[in-house]
Structures are given as C-alpha cells and as structure tokens.
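Each reported figure results from applying straightforward, stated rules to the coordinates on display, with no laboratory input. This structure is a prediction, so every number in the text was calculated from the model and none was measured. Don't worry about glycine lacking a Cβ; one is built from the backbone with ideal geometry, like all the others, and counts go over all protein chains shown.
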Amino acid sequence: EGATAMDKYLLPLLEKQPGKKTIALQYYAAVFGATRAEQLKRDLKSYPNISIVAQGNISGTDPEGSTAANVHAQLIQYPKLSVIDSTFDSPTVVAARVVQQRYPGQSFPQPPLVVGFNVLPSSLVDIRNGTIDAIVDAPFEAQAWIAADQAAGYFARQKAPAKADPTTYPIKMIE
C-alpha cells in the first residue's frame, strides 16, 4: 500500500508537467524494495509519458555511498530528470543532498523531485527545508506491537496470526 500511495501522489503530479517525464529509481534489492519498484512499474503502465530511465542499485554494505554515486551519475546522464525515487529510507536523504548540491536554490522542475519511504530524523530536516518532496511512512512501532500480540496469542491460545484486520487492529498494515 505504501508504494501505491506514493504513486497516487507522484504520477498525477508529473503528468501535469509538459513533455516526457523521467524517473531514476534507487533500488534496494530487499523484498520491500522490489515490491515498491514493481508497483511503480505496474502503475506507470497508465502513464505513457512517464518512464524509468535509470536504476541505481543501492548497496546493502554502503547504502549512502552507492546512492551518492548513482545519483551523481544519473544527474549527469539525464540532465532533465524529473524524479529520483528511492525504495529505501537513508538513501532518500543522500539523494536529496546530492540534488541540492547540484541545483542550489532551485526548485522543481529543475531540480528533479526527490521521493522515498520511511521517515528518519535526518529526512525530517530535508522535508522541512524542501529538499525531499515526499515520503511515505508506516507506523512501524504499532506493527511491532501487533506482531508481538499475535505471537502471544499463538503461544498462549494456539491462535494463528491473522492478516491485517481493521476490526482487531485499527491501523493499515503495508507491504
């Protein structure tokens, strides 16, 4: 659901811009990253003027360094890039800072939008100063308590864990 929420925000916003729009995807090869990337690809089928032109792989051993290198290269190769979309949290901050260094004091459509997932204390600063344009967040703490509650129910009463049930837990579970 998080990727869908991001795409519902991002793609109509881009569609309002004239001409062809391009996305550089900062891809993290974990299940959540793959899920977010695949959802974007599915949602792009309804937007023929928007395409992914570059995909930078985020290294699990050096997410910040690999993202900085990816974004630098992508901004050079695609000077009219519309969006940098990160499927992982800390690389979003790195992407925003690389964009800010390359385009100081400018705003969309030049430089590209920077979007991502999961708010960090450092990304809050970038959201407030406008260098990160959008982040989809999830209530991880609540999800952890739900998992603990379901585990306790299983061990105490052999009650099998259920998928998200809004009548039991009034929050939406994502990805």
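Between Glu38 and Ser107, the distance separating the two model label sites (each 7 Å from Cα on the Cα→Cβ line) works out to 3.8 nm. Extension gain for the segment Leu120 to Phe155, taken as residue separation times 0.36 nm less the Cα-Cα distance, is 9.2 nm to one decimal. Selection among Pro48, Tyr154, Ala95 by position relative to the dipole of the stretch 1-158 gives Pro48 as farthest towards the positive end (Cβ unit charges, Cα centre). The computed Cα extents along the principal axes in Å for the structure shown corresponds, within (i) 59, 34, 27; (ii) 52, 36, 32; (iii) 89, 31, 27, to (i).
Given Cβ point charges of +1 (Lys, Arg) and -1 (Asp, Glu) and nothing else, what value in debye, to the nearest 20, does the dipole of the chain about its Cα centre take?
Charge dipole of the chain: 460 debye, to the nearest 20.
Taken about its Cα centre, the stretch 1-87 carries a charge dipole of roughly 400 debye when the Cβ of each Lys and Arg holds +1 and the Cβ of each Asp and Glu holds -1.
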